[in-house]
Structure formats: structure tokens, C-alpha cells
Amino acid sequence: MQPAQQVQRVPLVRPERRVPQVRPVRQAERVRLERPARLARQEMPDQLDRPEQREQPVRSDRRVSLEPQEQRELTAPSEPAFIQDYHLALVAGYLKERVPAARTALFWHIPWPAVDRLKRCPWWRALVEGLLANNFLAFQVERDKRNFLAAAQACSAAVVDRAAVVYRDRVTHVAAVPISVNFDRIADIARDPGLHTEMERLRHELRLSSSMVVGVGVDRLDYTKGIPERLTALERVLESDPELRHRLAFVQVGVPSRSKLESYAAIEREIDVRVASINERFGRSATDGPVRYRKSAFKLRRLVALYKLAEFCIVSSLHDGMNLVAKEFVAARGDERGVLVLSERAGAAQELKDAIIIDPCDVSGFAAAIQRAVEMPVSEQQRRMRALRRIVAGRDIFAWASDILGNLENLGTAPIGYRTGGARSARNGRNTLRDRAAERGSTRKP
């Protein structure tokens, strides 16, 4: 790394926002969706894997349990219900059987697949219909929104516009509203003078001298996170740059996840073996080498200290709705230093364009990106980080919640509007959509 240069800092200007109050849905029965058994990494299989299908149709006798007070709240115009993620895909429909006047918004955290892949699920139509029971439906990025609208189009009774769907005489507005982090909280921790003590503690624990180039990765031990691909690229860098072998320390924080499932247990074993192999090859032993592997969760303060120690952070997801580690790293870097190496397959890449964007399956390109991060001049680091921080500060977790709940609150009284574009036309086109649906004879009471 080159010595720091004097660069004028640009203050972050953040809009004021109001987050409407919301009562979360309780006691909703979860609907389990199976994830694929594995993801192809570097080569395409000779033939498509056949999905394992269980003879377990979607039950029609599921119900949402509500207390009398909850039912009264949901009937009130000022009390929307905010539902989150795929476990609760069918809840809005069940809820409205009990409370027809309820207004619901659902945020879908994970990627929504293209129609041809979605149709491999025998219950795809029930999932789409369940989501269309919501008044407002939000996805991470425009790609997921487009994929869902295409899936809705595949339901013969649905009429689809750019940002709305009419189905069974109900209009569902659809938007891309990317989730984010609590920027202020992370930035406040990063500014705390007492954090220096935690940073020194980490340096001692992880054997990080001040002359070392430190990289960091923070992930659940999940086969979608691209950790083996990351280790392969790091190994390529160490092979090609002998001088860096003695200076590079990569801290990999891996949080065990669903370890009782074989697909997750298998990726844990693979990572254990790869870390030991790299450390034995380029270090003193399987546990004493360039990769410092910690298989446990870090509390936020400790995580911010780690981010501040790092010269670069790698997010190498193979398939990710957003990935908030990328945004946490940016929020922690009030010094405007550090480089974010970010997979093009993570939703965050759609926003954080001043990161070094990589294809995690291109080993040579990935290794070159790491080398570039290590050698990047401070002036370029600062230019990129300032741009990244403007994005994350301007669209934090509160802006995300405000966009979703504000739009739900204003349905029927004001045009749909949100900072990520697209949905405004949904409200304006509502009557046209209803007319088109009526022409097709597809409108009927739910």
C-alpha cells in the first residue's frame, strides 16, 4: 500500500425520513421451500440435475391464528402488516381470509429465479398466487422483480404491467427495494476511540503485525457464498507473488449454518480441508499460515474492529439476494480507506459499482482483482470508498423500511413512489390494468 495522500473529504448528506409503525405478523405457519442440493461452480454439468420432489402437496387447511386485538389492529387503516421472506410466502392469503381489509407488504430477501427454473418446483403456481395476495411486494433488485413479473405472467389469469399485477380482482404493486444496514450505528462504533483496544486485541489474537496486508471475508458457511472459490483465488495470488506470501494474512470468519443438513456439512468440510492445505503449503502448519480461520460469529463491535484492520474485503457469492457484509464494510470505513472486492452475482453489485466487481468462478480474474486491491493507491481507495459510502449512507435500513411501509400506507391515496424507481407507474396504470383484466374475463372475487 502506498502512503496516504491528503484528500479533501466530502460530507455525507442524508435525507430525513419517517418510518411508519408496523406490527409484525405473529404465529404464522411457515412454508418450507427446499434449496438446491448444490450449485455448479466452474463447469457446467453434462446434464441438468433432476430435482428431488416430495409427494407433499400444498395444504389448503392452513390458517393464521390471530388474537382479537390483533384482528382489530389489522382492520384499522393505519395498521399495515409487514411480512418477510420465503417462509411466509402464503401468509397474506390466509390472513385476508380472516381479515379481508388487512393491508400487507412482503419483502422477498432471496433471489427470485427465472421462470424456467421456478417451474421445476411443483408448487410454483401456489407460491406466486400466495404472494399476489399482498398489496405491495418488494424484491432486492430489478432482476428479481422482472423474474417475478414473468412468473405472474405465466399464470393465465394474471394481467401484468411493468410494476403491478392484477389477479383475482386484486392489484399487487411490485418494486425493487434493496435492503441495507444501519449505517449510523456502524459508523458511530467505527468512530469510537475505545474501538482501538478491540482492534489491538484482534491483532494479537490473529497474529497480525502492522506490516501485514490484511484481507477479510465474513460469511455463513453456506454453499452459495463462494468461499472455496475465494480460497482458490487467494492460493493463485500466493503462487504468483512469492513476496506476498510472508505479508498477506486473510481472516475468514465462517458462521456455521444448518450444519445438520448434509449439503451444508459438506461445504464446511471442504472449507476446513482447503484452509489447512493452503496454510501447510504457504505457512508453518495447517493452523499457522496466511489464512486465519475463525468458525464462529462475531458481535458487531468486534466485526467493525476487524473491518477497520483490513486493507480489503472479499464478497464472492455465487448467488445472493443482496449481501450486507459488503455494506457493513463500507459503513465501517470512515477513514475512506480499504477496497471492496465484490461478486457480480450478489445483489449489492447492482448498487456498489465502485467496488472491484468480479466473477467468482473466473479464477484468474478473481486473483487479479485481489492483487489489484493489495496494490491500489490510497488516492484511488479514497475516491472509491467515498462513492460507496454515499450510496450506503443515503439508502440505509431506515430508507428501505420507509420505502416499503410508506408505499403500503399510501396505497389508494397517493401515487406509488420510491427512490429505486419503477413503481410510480403502477398506481397511475391501475385502472388500465383492471380494464385489461376485465376484457380477458379474468376478474373474479377472491
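Below is a table of values for the structure above.
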read-out	value
Count of residues meeting criterion [assigned to a helix (DSSP H, G or I), under 16 Å from residue 319 (Cβ atoms) and among the hydrophobic types (A, V, I, L, M, F, W, C)] in the stretch 102-126	1
Sole residue being assigned by TED's automatic domain parsing to the domain that holds residue 350 and either hydrophobic (A, V, I, L, M, F, W, C) or within 30 Å of residue 182 (Cα to Cα) (or both), chosen from 274, 301, 269, 284	301
Residue list for the stretch 136-168, filter: in a loop (DSSP other than H, G, I, E, B) and within 21 Å of residue 84 (Cα to Cα)	140, 141, 163
Considering residues of the stretch 277-309 that are within 22 Å of the chain's Cα centre (by Cα), assigned to a loop (DSSP other than H, G, I, E, B) and not basic (Lys, Arg) only, the residue surrounded by the fewest Cβ atoms within 10 Å (Cβ to Cβ)	296
Qualifying positions in the stretch 66-84 - touching a strand residue (DSSP E or B) at 6+ places or on another chain (Cβ under 7 Å), of a type in the set (D, E, K, R) and either within 19 Å of residue 167 (Cβ to Cβ) or modelled with pLDDT of 60 or more (or both)	79
Residue in the stretch 344-359 that is surrounded by fewer than 24 Cβ atoms within 10 Å (Cβ to Cβ), touching a Leu at 6+ places or on another chain (Cβ under 8 Å) and within 18 Å of residue 213 (Cβ to Cβ) present	yes
Selected residue [under 24 Å from the mean Cα position of the chain (by Cα) and modelled with pLDDT under 95] from 109, 87	87
Residue count for the stretch 216-262, restricted to those that are assigned to a helix (DSSP H, G or I) and in contact with a Ser or Thr (Cβ under 6 Å, 6 or more places away or on another chain)	2
Residue check, residue 192 touching a residue at least 60 places away in the same chain (Cβ under 8 Å), within 27 Å of residue 397 (Cβ to Cβ) and surrounded by fewer than 16 Cβ atoms within 10 Å (Cβ to Cβ)	no
Among (1) closer than 25 Å to residue 324 by Cα; (2) more than 26 Å from the chain's Cα centre (by Cα), the one test that residue 157 misses	(1)
Test for residue 382: is it outside the structural domain of residue 138 (by TED's automatic domain parsing), polar (S, T, N, Q) and more than 17 Å from residue 308 (Cα to Cα)	no
The stretch 201-219 - residue that is among the charged types (D, E, K, R) and loosely packed, with under 13 Cβ neighbours inside 10 Å and, of those, nearest to residue 296 (Cα to Cα)	205
Hits in the stretch 373-383 - residues which are surrounded by fewer than 21 Cβ atoms within 10 Å (Cβ to Cβ) and either in contact with a strand residue (DSSP E or B) (Cβ under 6 Å, 6 or more places away or on another chain) or within 14 Å of residue 351 (Cα to Cα) (or both)	374, 376
Flag for residue 178 being part of a loop (DSSP other than H, G, I, E, B) and surrounded by 14 or more Cβ atoms within 10 Å (Cβ to Cβ)	yes
Only one of 405, 352, 342 that is closer than 25 Å to residue 144 by Cβ and either part of a strand (DSSP E or B) or modelled with pLDDT under 85 (or both)	342
Failed item, numbered, when residue 186 is tested on (1) outside any helix (DSSP H, G or I); (2) surrounded by 22 or more Cβ atoms within 10 Å (Cβ to Cβ)	(1)
Residue in the stretch 384-393 that is at pLDDT below 90, under 21 Å from the mean Cα position of the chain (by Cα) and under 26 Å from residue 343 (Cα atoms) present	no
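The values are calculated or read from the model by the stated rules, or taken from the named source; none is laboratory data. All values reported here derive from a predicted model rather than from experimental measurement. When we count neighbours, we look across all protein chains shown, and the Cβ atoms used for this are built from the backbone with ideal geometry, even at glycine.
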